[in-house]
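Everything on this sheet refers to the single structure shown next.
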Amino acid sequence: MRVKLKGEITAERLAEALQKASEKLESVNAGTKIYGANLYLTPFDAEGLPFDLVDHHGKPLCITIAAKSGELVKPALTAEGEQRRDKLKEEAKRRAEEEEEQYREHRAKLRQEDIERKKKCAQAKAEFESANEITTQLLKAMPEHFVSELNKTIQTVWDDLSPTEPHGKNKGLPKPRPAFRFQDDELLLTSPTWKHPKRLRNPVGTLDYNTLKPVWNHTAWLETVRRIAVVLEELSDGISQP
C-alpha cells in the first residue's frame, strides 16, 4: 500500500496519513496491522531548491529506526497463513510458467512468420526476375508477335467482361482499354487516360514487398494479368525449343 502526502510534511500529517491507511486496511481486511514502512522524504532548502542528504559513500542517507527489544518486526505466520502463502506461491509459479510458455509460443510464431515472409519475398523476387527474363527474350526474338499477343489478350478480356468505371463522373461508362507497344527496346503500356505511357520490365507487374503487383487492381486487369502469364509461358516454351 502506498500513501502520498502533498505539501509540507509534519508529524501531525504523518500521523493523519497512518490513521487513514489503518482505517482503509481495516475496512478491507479486519484485524490488519502495519509492520514496517519505507518513508521517502524530499527536502527543500530555504531558497526553494530540492536537495538530498548523502552518507559517507555518497549514497542517499538512510535512517533506520529499529524495533524496541521484544517487539515483533512482523507477525508470526499461523498454520492457515502458511497454507495460504504456499498456495499463493504455487499460483504465482503457475502464472509465471504460463506466461513463459505464452512468451515462447509468441516468439516461435514470430520466427515462423518471419520465415514465411522471407520465403514469400524470395518467391516473389524469383517470379519477378523470371518474368523480366522471359520478357527480354521475347522482345528480342519476336517483339511484334509478342506485343500483338499481349494486346489480343487484353481485347479478349475486355470483350468478355466489359469493364466499366466504378466511380467518379464516368461511373458506369466503359473502362478505357489499355494497350502495349514496343518502342526504343522497351515495353510500354498506354491508356487513353494517361498523359505518358508506363515503362514496364514485364507485362505482369512490378515487385511490391512479397508479391507481384499489377498496374491496376480491378477485376478485368487482374484477369488480363492471369491470362498474360499463360501467354508468357507458352511463348517462352516456343523460343526455348531447338
Legend entry - Label-to-label distance, nm, for residues given as His56 and Glu98 (7 Å Cα→Cβ offset): 5.2 nm
Legend entry - Nearest-20 debye value, the stretch 131-192 charge dipole, Cβ charges on Lys, Arg, Asp, Glu: 380 debye
Legend entry - Mean shadow area of the stretch 102-242, taken as a quarter of the surface of its Cα convex hull (nm²): 12.0 nm²
Inset, instruction - Would you please name the chymotrypsin sites (Phe, Trp or Tyr not before Pro) within the stretch 17-102 that are DSSP coil residues with at most 16 other C-beta atoms within 10 Å of their C-beta? - result: Tyr35, Tyr40, Phe51
Legend entry - Length added when fully stretched, Gln155-Lys120, from 0.36 nm per residue minus Cα-Cα: 9.4 nm
Inset, instruction - Determine the gain in length on full extension of the stretch Thr193-Ile9; use 0.36 nm per residue of separation and subtract their C-alpha separation, reporting nm with one decimal. - result: 58.6 nm
Inset, instruction - Counting only C-alpha contacts under 8 Å and six or more residues apart, can you give the relative contact order of the stretch 148-242 as a whole percent? - result: 21 percent
Inset, instruction - Put one equal scatterer on each alpha carbon of the stretch 134-201, apply the Debye formula with no solvent term, and list log10 I(q)/I(0) at q = 0.16, 0.24, 0.25, 0.27 1/Å to two decimals. - result: -0.62, -1.06, -1.10, -1.18
Inset, instruction - Kindly report the accessible area of the stretch 92-242 per residue (heavy atoms of protein chains, probe 1.4 Å, no ligands, DNA or RNA), in Å². - result: 69 Å²
Inset, instruction - Return the single residue from Lys213, Lys20, Lys74 with maximal mean-square fluctuation; model: Gaussian network over the chain, springs between Cα atoms under 10 Å. - result: Lys20
Inset, instruction - Quote the charge dipole size of the chain about the Cα centre in Debye, to the nearest 20; the model charges only the Cβ of Lys and Arg (+1) and of Asp and Glu (-1). - result: 400 debye
Legend entry - Nitroxide proxy distance, nm - points 7 Å out along Cα→Cβ at Ser148 and Tyr209: 4.1 nm
Legend entry - GluC sites (Glu not before Pro) within the stretch 1-78, DSSP loop, no more than 15 other Cβ atoms inside 10 Å: Glu8, Glu47, Glu71
Legend entry - Estimated distance in nm for a label pair at Leu173 and Arg226, the labels positioned 7 Å out from Cα along Cα-to-Cβ: 2.9 nm
Legend entry - Karplus-derived 3J(HN,Hα), 6.51/-1.76/1.60, for each residue of the stretch 33-40, Hz, glycine and proline x: 10, 9, 10, x, 7, 10, 10, 9
Inset, instruction - Count neighbours as other Cβ atoms within 10 Å of each site's Cβ, and list the chymotrypsin sites (Phe, Trp or Tyr not before Pro) in the stretch 135-242 that are DSSP loop with at most 10 such neighbours. - result: Tyr209
Legend entry - Evaluated at q = 0.10, 0.11 Å⁻¹: base-10 log I(q)/I(0), Debye formula over Cα of the chain: -0.70, -0.79
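The values are calculated or read from the model by the stated rules, or taken from the named source; none is laboratory data. It should be emphasised that the depicted structure is a prediction, and the values quoted were computed from it without experimental measurement. Note that we place each Cβ from the backbone using ideal geometry, even for glycine, and neighbour counts take in every protein chain shown. Side chains are part of the model used for accessible areas, which takes the heavy atoms of the whole protein and leaves out ligands, DNA and RNA. Shrake-Rupley method; radii C 1.70, N 1.55, O 1.52, S 1.80 Å.
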